[in-house]
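Step one of this worksheet: look at the structure below.
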Amino acid sequence: MDTNNSVSSNVSRTIQTRLVLPPDTNHMGTIFGGVILSYIDEIAAITAMKHSRNVVVTASIDQVTFLSPAKVGDILTLEAIVASTGRTSMEIFVKVENENYETGEKTTTTTSFLTMVAKGKDGKPTPVPGVIPETDAEKILFESASERKKKRLEKR
């Protein structure tokens with residue numbers, strides 16, 4: 001790995017906190033999946049922009065897994081990291097966790113992988129730096145990225 005043109009995963013890590021409000025929920029008082037997807041797309045874009053120092057576009061949302069609901073009043077914490085990079089693309093892993101404000105109980109709500117492409121001032125894809133995974137979880141995501149990329153390409 002060329003570490004001269006790579007960025008620590010910690011540099012581009014992004015964390016956001018949000019409150020689940022009534023307008024974000026369905027008739028059962030749980031957050032709409034589309035609202036979660038919007039939050040995920042936004043944090044993935046911010047993370048990719050921080051990593052590449054360019055504007056980015058969403059190329060794909062490869063996998064979204066809704067694991068548990070978030071209810072009105074829950075506190076959502078979204079965390080995104082650059083799992084791997086290509087020449088002009090970045091695979092972003094996003095984890096959404098909800099916290100019950102009364103009990104403090106935390107549950108993973110959603111996990112997701114997105115591919116973002118960096119665009120230069122001319123609007124064309126532009127090269128991005130590599131990523132240096134730091135934690136054990138980041139290293140696992142980094143090492144398994146080629147298999148996810150292979151599956152993405154097979155779907156085309």
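The values are calculated or read from the model by the stated rules, or taken from the named source; none is laboratory data. Since we're looking at a predicted model, the values are computed, not measured. Cβ coordinates were reconstructed from backbone atoms using ideal geometry, including for glycine residues, and neighbour counts include every protein chain displayed.
Inside the stretch 79-156, counting only strands (runs of 3 or more DSSP E) that do not spill past its ends, which hold 1 or more residues that are under 12 Å from the mean Cα position of the chain (by Cα)?
Those strands (runs of 3 or more DSSP E) span 89-99, 106-119.
When you check V117 against the structure, is it of a type in the set (A, V, I, L, M, F, W, C), closer than 22 Å to R13 by Cβ and modelled with pLDDT of 95 or more, yes or no?
Here the answer is yes, as V117 does meet what is asked.
Can you run down the residue pairs with Cβ atoms below 7 Å, 6 or more apart or on separate chains, where the first is in the stretch 81-94 and at pLDDT 95 or above and the partner is acidic (D, E) and not in a strand (DSSP E or B)?
I81/E138
Mind listing just one residue for me: the one in the stretch 1-12 that is of a type outside the set (A, V, I, L, M) and in a strand (DSSP E or B) and, of those, modelled with the lowest pLDDT?
For the stretch 1-12, the residue satisfying everything is S8.
Could you check, for the stretch 42-58, whether at least one of its residues is surrounded by 16 or more Cβ atoms within 10 Å (Cβ to Cβ), of a type outside the set (K, R) and touching a Pro at 6+ places or on another chain (Cβ under 9 Å)?
Yes, the stretch 42-58 contains a residue that is surrounded by 16 or more Cβ atoms within 10 Å (Cβ to Cβ), of a type outside the set (K, R) and touching a Pro at 6+ places or on another chain (Cβ under 9 Å).
Considering only the stretch 39-78, how many residues are in a strand (DSSP E or B), under 23 Å from S144 (Cα atoms) and not hydrophobic (A, V, I, L, M, F, W, C)?
Counting residues in the stretch 39-78 that are in a strand (DSSP E or B), under 23 Å from S144 (Cα atoms) and not hydrophobic (A, V, I, L, M, F, W, C) gives 5.
Does the stretch 13-38 hold any residues that are in a helix (DSSP H, G or I), surrounded by 19 or more Cβ atoms within 10 Å (Cβ to Cβ) and under 15 Å from the mean Cα position of the chain (by Cα), and which are they?
The answer is I36, and nothing else.
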